[in-house]
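A.B. asks: For reference, the structure I am asking about is given below.
The values are calculated or read from the model by the stated rules, or taken from the named source; none is laboratory data. All values derive from a computational prediction rather than experimental measurement. Cβ atoms come from the backbone with ideal geometry, glycine included; neighbour counts cover every protein chain shown. Calculation scope for accessible area: heavy atoms of the full protein, side chains included, ligands and nucleic acids excluded. Shrake-Rupley method; radii C 1.70, N 1.55, O 1.52, S 1.80 Å.
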Amino acid sequence: MVESLPLSEQVYLGIDLGAESGRVMAGAWNGQAMQVEELHRFPNVPVNVADTLRWDVLRLWGEIQNGLAVAAKRFGDAIVSVGVDTWGVDFVLLTKNGEMLGQPYHYRDARVAGMFEEAFGRVPREEIFGQTGVQFMEINTLYQLLAWQRSHPELLAAADGLLMMPDFFHWCLCGSRVAEFTDTTTSQCFNPIKRVWAWDMLRRFGLPERIFPEVVPPGTELGRLRESVSRRTGLGRIKVVAPPTHDTASAVAAIPTANTGQSDWAYISSGTWSLMGIEAANAVLSERVLQLNFTNEGGIDGTFRLLKNITGLWLVHQCKRAFEARGQNLDYAELTRLAEAAAGPHAIINPDDPRLANPPDMPAAMQAICRESNQPVPQSEGALVRCALESMAAKYGAVLAGLEEVAGHRIEVIHVVGGGSRNPLLNQLAANRCGRRMVAGPVETTVLGNVLSQARAAGELKSLAQMRQVVRASTELRVFEPRH
């Protein structure tokens, strides 16, 4: 990422919302390379309200408008369009007149605990997978809706529309009330074979059909910026274009592979979550995929991301927060240095252990699991972070074996993108555990996928392969070879 972009003939704005922070980014296109610049960053912190965990979407929308105002002053008429990507599964319910019903829940809210048992009692697990092809996680939209049905049936009855998070912010921008394909597929409410909502399953659960909107592909022009937003931010009535709105879908669209259309490469989108998978032409709903608890999520050009959601740097983030509460203010670079220097042997735990989902004290939770499994119990900050990184790398190795089994062939190279690609220790541990070359970078893959998709929608790029060629020309990559 460059610190300051020159004025360009074309600028595309990418609004990138993650689980910890949000950003308004500019992508400057000169016809050959795309340079991105951060214009405005703001925290995305959930709010505890009456023993529930909620997203503060109104504050996020205010911050987005602040960022758009910065963009207007900086680039003016050079701005072509804007698009939003976010995390998956969470949503906003609207009335017919556009009123929000409640403050949206955070996917880590405790109300979904135990929803599997209730759901499978109504529709068997195998049938849910057969209609959706999605990994079973209680945070999925389906189980959140069932929780609404149980605890707030009156609000669900009043709802006229369900908008996934990026769709909600597109509605804020231009008034569109549609669902973009890639984020929709994370909901476990969508049929990837018929490529429509899983209507039969939704009816059996008694969920109101009217709330599920039309599904549109990435690259769809959703409308023009609302006049009120234009007036408030100083932007013109620019186009609002749906990128691949699930952040991992945008990231995969910008994987710097030269082998688009081939299946000899995999990816890890490394951040709070690590999403590891391959790009497939169609969803794979085999019995083995169900056993491995893999998921089929939509990608650009109608592809599917056959992947596994793995708890990622969440473990390190929460350890860091616990260290700070104890007076140890260490940045991520220092924590990585301490982890590299930590003496072995190093414990390996399952990063997806439910006890690590949102514990009050992450180091204590990790230590308890190590103690139960008769492994060395990490005590120091470095040892705890090393345990987290070693555990993530070990999980990558296990998931790689499953991906190769399902694909039926060897994967030769793994691309690591996102914030985790900046962690050299994690990348090397992953190369060692997987026994494969790891190509790290770019960090800003999600934003690049967002703005390059908009440029493609504007006719500047012709294909997914060409988008990825631009990424290779616009960024520097680092290679990690397996050592042992």
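A.B. asks: Any residue at all in the stretch 384-396 that is open to solvent by 20 Å² or more (accessible area, probe 1.4 Å), touching a helix residue (DSSP H, G or I) at 6+ places or on another chain (Cβ under 6 Å) and not in a loop (DSSP other than H, G, I, E, B)? Working first, answer last.
C.D. replies: Taking the stretch 384-396 and keeping what is open to solvent by 20 Å² or more (accessible area, probe 1.4 Å), we get 386, 394-395.
If we keep only those that are touching a helix residue (DSSP H, G or I) at 6+ places or on another chain (Cβ under 6 Å) too, we end up with 386, 394.
Filter once more, keeping what is not in a loop (DSSP other than H, G, I, E, B): 386, 394.
Among the residues of the stretch 384-396, at least one is open to solvent by 20 Å² or more (accessible area, probe 1.4 Å), touching a helix residue (DSSP H, G or I) at 6+ places or on another chain (Cβ under 6 Å) and not in a loop (DSSP other than H, G, I, E, B), which makes the answer yes.
A.B. asks: While we're here: Exactly one of these conditions fails for ALA253: (1) open to solvent by less than 30 Å² (accessible area, probe 1.4 Å); (2) over 21 Å from the mean Cα position of the chain (by Cα). Give me its number.
C.D. replies: Against the list (1) open to solvent by less than 30 Å² (accessible area, probe 1.4 Å); (2) over 21 Å from the mean Cα position of the chain (by Cα), ALA253 comes up short only on (2).
A.B. asks: Could you go through the stretch 340-348 and let me know if any residue there is modelled with pLDDT under 95, surrounded by fewer than 12 Cβ atoms within 10 Å (Cβ to Cβ) and part of a helix (DSSP H, G or I).
C.D. replies: No, every residue in the stretch 340-348 fails to be modelled with pLDDT under 95, surrounded by fewer than 12 Cβ atoms within 10 Å (Cβ to Cβ) and part of a helix (DSSP H, G or I).
A.B. asks: Being more than 22 Å from the chain's Cα centre (by Cα) and of a type in the set (S, T, N, Q): is that true of GLN454 here?
C.D. replies: So GLN454 fails the test.
A.B. asks: Quick check on my filter: what residues within the stretch 199-212 are aromatic (Phe, Trp, Tyr) and open to solvent by 80 Å² or more (accessible area, probe 1.4 Å)? Write out each step before concluding.
C.D. replies: Step one: list which residues in the stretch 199-212 are aromatic (Phe, Trp, Tyr), which gives 199, 205, 212.
Correct list: empty.
A.B. asks: Now for a separate question. Which fully enclosed strands (runs of 3 or more DSSP E) of the stretch 264-307 have 2 or more residues being within 19 Å of TRP197 (Cα to Cα)?
C.D. replies: Ranges flagged: 295-298.
A.B. asks: Checking LEU222 against (1) in contact (Cβ under 8 Å) with a residue 12 or more places away in the chain; (2) open to solvent by 40 Å² or more (accessible area, probe 1.4 Å), only one condition comes out false. Which one?
C.D. replies: Evaluating LEU222 over (1) in contact (Cβ under 8 Å) with a residue 12 or more places away in the chain; (2) open to solvent by 40 Å² or more (accessible area, probe 1.4 Å) leaves (2) as the failure.
A.B. asks: So which pairs qualify, if the first residue must be in the stretch 322-351 and among the acidic types (Asp, Glu), the second must be open to solvent by less than 80 Å² (accessible area, probe 1.4 Å), the Cβ gap must be under 6 Å, and the two must be at least 6 apart or on different chains?
C.D. replies: GLU340/LEU425
A.B. asks: Just to be sure I understand, how many residues within the stretch 48-71 are surrounded by 15 or more Cβ atoms within 10 Å (Cβ to Cβ) and of a type in the set (Gly, Ala, Ser)?
C.D. replies: Count: 3.
A.B. asks: For the stretch 140-184, name all the residues that are of a type in the set (D, E, K, R) and either surrounded by 23 or more Cβ atoms within 10 Å (Cβ to Cβ) or touching a helix residue (DSSP H, G or I) at 6+ places or on another chain (Cβ under 9 Å) (or both). Before you say what the answer is, go through the steps one by one.
C.D. replies: First, the residues of the stretch 140-184 that are of a type in the set (D, E, K, R): 150, 154, 160, 167, 177, 180, 183.
Within the stretch 140-184, ARG150, ASP160, ASP167, ARG177, GLU180, ASP183 qualify.
A.B. asks: Right, another one. Within the stretch 28-45, does at least one residue satisfy the condition of being among the charged types (D, E, K, R), over 22 Å from the mean Cα position of the chain (by Cα), surrounded by 16 or more Cβ atoms within 10 Å (Cβ to Cβ) and over 22 Å from SER176 (Cβ atoms)?
C.D. replies: Step one: filter the stretch 28-45 for residues among the charged types (D, E, K, R), giving 37-38, 41.
After this cut, where a residue has to be over 22 Å from the mean Cα position of the chain (by Cα) as well, the list is none.
Looking for residues that are among the charged types (D, E, K, R), over 22 Å from the mean Cα position of the chain (by Cα), surrounded by 16 or more Cβ atoms within 10 Å (Cβ to Cβ) and over 22 Å from SER176 (Cβ atoms), one finds none in the stretch 28-45, hence no.
A.B. asks: Counting only residues that are of a type in the set (A, V, I, L, M) and within 17 Å of VAL112 (Cα to Cα), which one in the stretch 48-63 is nearest to the chain's Cα centre (by Cα)? Walk me through how you get there before you give the answer.
C.D. replies: Taking the stretch 48-63 and keeping what is of a type in the set (A, V, I, L, M), we get 49-50, 53, 57-58, 60.
Pick out the ones that are also within 17 Å of VAL112 (Cα to Cα) and you get 49-50, 53.
On the way: VAL49: 25, ALA50: 27, LEU53: 19 Å.
Filtering first and then ranking leaves LEU53.
Residue-by-condition table, conditions (1) closer than 30 Å to ALA283 by Cα; (2) open to solvent by less than 20 Å² (accessible area, probe 1.4 Å); (3) of a type in the set (Ser, Thr, Tyr); (4) out of contact with any Ser or Thr (no Cβ under 6 Å at 6 or more places or on another chain):
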site	(1), (2), (3), (4)
CYS319	no, yes, no, yes
TYR332	no, no, yes, yes
LEU338	no, no, no, yes
PRO378	no, yes, no, yes
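A.B. asks: Using the structure shown, decide if VAL215 is aliphatic (A, V, I, L, M), open to solvent by 10 Å² or more (accessible area, probe 1.4 Å) and touching a residue at least 24 places away in the same chain (Cβ under 8 Å). Give the steps one after another, and end with the answer.
C.D. replies: Working: aliphatic (A, V, I, L, M): yes; open to solvent by 10 Å² or more (accessible area, probe 1.4 Å): yes; touching a residue at least 24 places away in the same chain (Cβ under 8 Å): yes.
Answer is yes for this residue.
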